[in-house]
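*Asks:* The structure follows.
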Amino acid sequence: MEIEDCAFDSVAGIDCFSDPEKAFDGVNWALMVGAQPRGPGMERSDLIRENGPIFVAQGKALNRAAQNVRVVVVGNPCNTNCLIALHNAHEIPARNFTAMTALDENRAKAAIAQKANVSVGDIHHLMIWGNHSNTMYPDYENALIAKVPVSEKIKDQEWLQKDFIKKVQQRGAQVISARGKSSAASAGSACIDHIKRLSTPGTVFSCAVMSDGSHYDIPKGIIFSVPVRSKPNADYEIEQGIALSAFAKEKIQLSAQELLKEREFIKDLLN
Ligand code: LMR
């Protein structure tokens, strides 16, 4: 009902399925939002054994999708669920799978805009690195407020290094504690942003993608959020040449270690 009521001009009709094989048959975009959501006091990784098997079944069913399908994983823990899905979808190239960190990028932009008392539209290149978890790293050091580095506009380094990072990392939990349920409207809106950013060539945005081990010392074989630049046909490349401080590198490695642990924990689900 709510999808109808949004009156999206991209919605030509709605078909409901209980069989994923039928649901994914020939699809060009698959938005994987169906998973058990996090409740109060939980971390996203607490859902891993419950939601992981969903992504085994759905990954297998995705083999029926169109060869050029773009898969966006939103259900948590989204990075590792994405890894599970792609390992079970042999027919689909790994680079067609992404997990959503647009919500974190939007949250980071909103927090910086509020602190600097500017509009969110003035915040650029605020990229999320790592896991969509409380180890993610929002890189304020390379971000700009209307073409000026954030740290020149916001002089309070302590706030940037501690409060800001924590705020972005914990925002999902804060929403859950305020409303008793995980984010819905902002997550849905971020999913639309993710698709638009991926479909608008030249856009640089935060997106969790398969690491082949050749960029920024990120270990191979995990789904890691990095700045990507979109290319025609909803393709992308990892943005190169971003200068990372020792502080940033340390945070990024922490998140990578967490993802390696998550992968170890579900290795029986990787096909
Ligand atoms: C969010 O970040 O709001 C979602 O991933 C839901 C959650 O569990 O935090």
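The values are calculated or read from the model by the stated rules, or taken from the named source; none is laboratory data. For clarity, every value in this text was computed on a predicted model and none was experimentally measured. So basically every Cβ, Gly included, is an ideal-geometry build from the backbone, and we count neighbours across all protein chains shown. Note: areas computed on protein heavy atoms with side chains; ligands, DNA, RNA excluded. Shrake-Rupley method; radii C 1.70, N 1.55, O 1.52, S 1.80 Å.
*Asks:* In the chain, what percent of the accessible surface is made up of carbon and sulfur (1.4 Å probe, ligands and nucleic acids excluded)?
*Replies:* 51 percent
*Asks:* While we're on this one: If you put +1 on each Lys and Arg Cβ and -1 on each Asp and Glu Cβ, how big is the dipole of the stretch 2-99 around its Cα centre, in Debye rounded to 20?
*Replies:* Taking the Cα centre of the stretch 2-99 as origin, the dipole is about 500 debye.
*Asks:* Mind giving me the nanometre distance, one decimal, between the label points for K162 and F247, set 7 Å out from Cα along Cα→Cβ?
*Replies:* Going by the 7 Å Cα→Cβ label model, 1.2 nm.
*Asks:* How do L269, L160 stack up against each other in accessible area, from largest to smallest, with a 1.4 angstrom probe?
*Replies:* Output order, biggest surface exposure first: L269, L160.
*Asks:* Then there is this: What whole-number value in Å² describes the accessible area per residue of the stretch 2-99 for a 1.4 Å probe?
*Replies:* 51 Å²
*Asks:* Binning at 5 Å from 0, report for the stretch 2-99 what percent of all alpha-carbon pair distances ends up in each bin.
*Replies:* Per 5 Å bin, starting at 0, the Cα pair percentages come out as 3, 14, 23, 22, 17, 14, 7, 1.
*Asks:* Whole-Hz ³J(HN,Hα) for each residue in the stretch 125-142, computed from phi via Karplus 6.51 cos²θ - 1.76 cosθ + 1.60 with θ = phi - 60°, x for glycine and proline: what do you get?
*Replies:* These are the phi-based 3J(HN,Hα) values: 6, 9, 9, 9, 10, x, 8, 7, 7, 7, 9, 4, 10, x, 7, 6, 5, 9 Hz.
*Asks:* Given the options K167, K60, K147, which has the most mean-square fluctuation in a GNM of the chain, springs set between C-alpha atoms less than 10 angstrom apart?
*Replies:* For the chain, modelled as a Gaussian network with Cα springs under 10 Å, the answer is K147.
*Asks:* Same structure, new question: Kindly provide the GluC sites (Glu not before Pro) of the stretch 46-128 that DSSP labels as loop, not H, G, I, E or B, and whose Cβ sees at most 16 other Cβ atoms within 10 Å.
*Replies:* In loop regions of the stretch 46-128 (DSSP not H, G, I, E or B), the sparsely surrounded GluC sites (Glu not before Pro) are E91.
*Asks:* Past the 21 Å Cα-Cα mark, which pairs from K109/K153; K196/K220; K22/K181; K167/K231; K153/K196; K115/K167?
*Replies:* Violating the 21 Å limit, Cα to Cα: K196/K220; K22/K181; K167/K231; K153/K196.
*Asks:* Further question on the same structure: Nothing charged except the Cβ atoms of Lys and Arg (+1) and of Asp and Glu (-1): what's the magnitude of the dipole of the chain about its Cα centre? Round to the nearest 20 debye.
*Replies:* My answer is approximately 480 debye.
*Asks:* What nm distance separates the two modelled labels at S189 and Q67, each placed 7 Å from Cα along Cα→Cβ?
*Replies:* Label at S189, label at Q67, 3.9 nm between them.
*Asks:* Per residue, what volume in Å³ does the convex hull of the Cα atoms of the chain enclose?
*Replies:* Expressed per residue, the convex hull around the Cα atoms of the chain is 137 Å³.
*Asks:* At 0.36 nm per residue, and after removing the present C-alpha to C-alpha distance, how many nm does the segment from E43 to D5 gain when stretched out fully?
*Replies:* So the extension gain works out to 10.4 nm.
*Asks:* Hey, how many Å between the Cα centroid of the stretch 175-190 and the Cα centroid of the stretch 68-82?
*Replies:* If you average the Cα positions of each part, the centres end up 18 Å apart.
*Asks:* Residue by residue, what Karplus-based ³J(HN,Hα) values in Hz, rounded to whole numbers, does the stretch 173-183 have, using 6.51, -1.76 and 1.60 with θ = phi - 60° and x for Gly and Pro?
*Replies:* Whole-Hz 3J(HN,Hα) from phi for the stretch 173-183: 5, 5, 4, 4, 6, 6, 10, x, 9, 6, 4.
*Asks:* Separate question: May I ask you to evaluate 6.51 cos²θ - 1.76 cosθ + 1.60, the Karplus curve with θ = phi - 60°, for each residue of the stretch 44-56 and list the ³J(HN,Hα) values in order in whole Hz, giving x for glycine and proline?
*Replies:* 4, 5, 5, 8, 4, 6, 7, 8, x, x, 4, 7, 5
*Asks:* Something else now. Looking at the chain as a GNM with Cα springs under 10 Å, which of I218, I128, I154 has the largest mean-square fluctuation?
*Replies:* Sorting by GNM fluctuation, first place goes to I154.
*Asks:* Now for a different question. With a 10 Å cut-off between alpha carbons and a GNM built on the chain, which of F205, F164, F224 moves the most?
*Replies:* Among F205, F164, F224, the largest mean-square fluctuation in the Gaussian network model of the chain belongs to F164.
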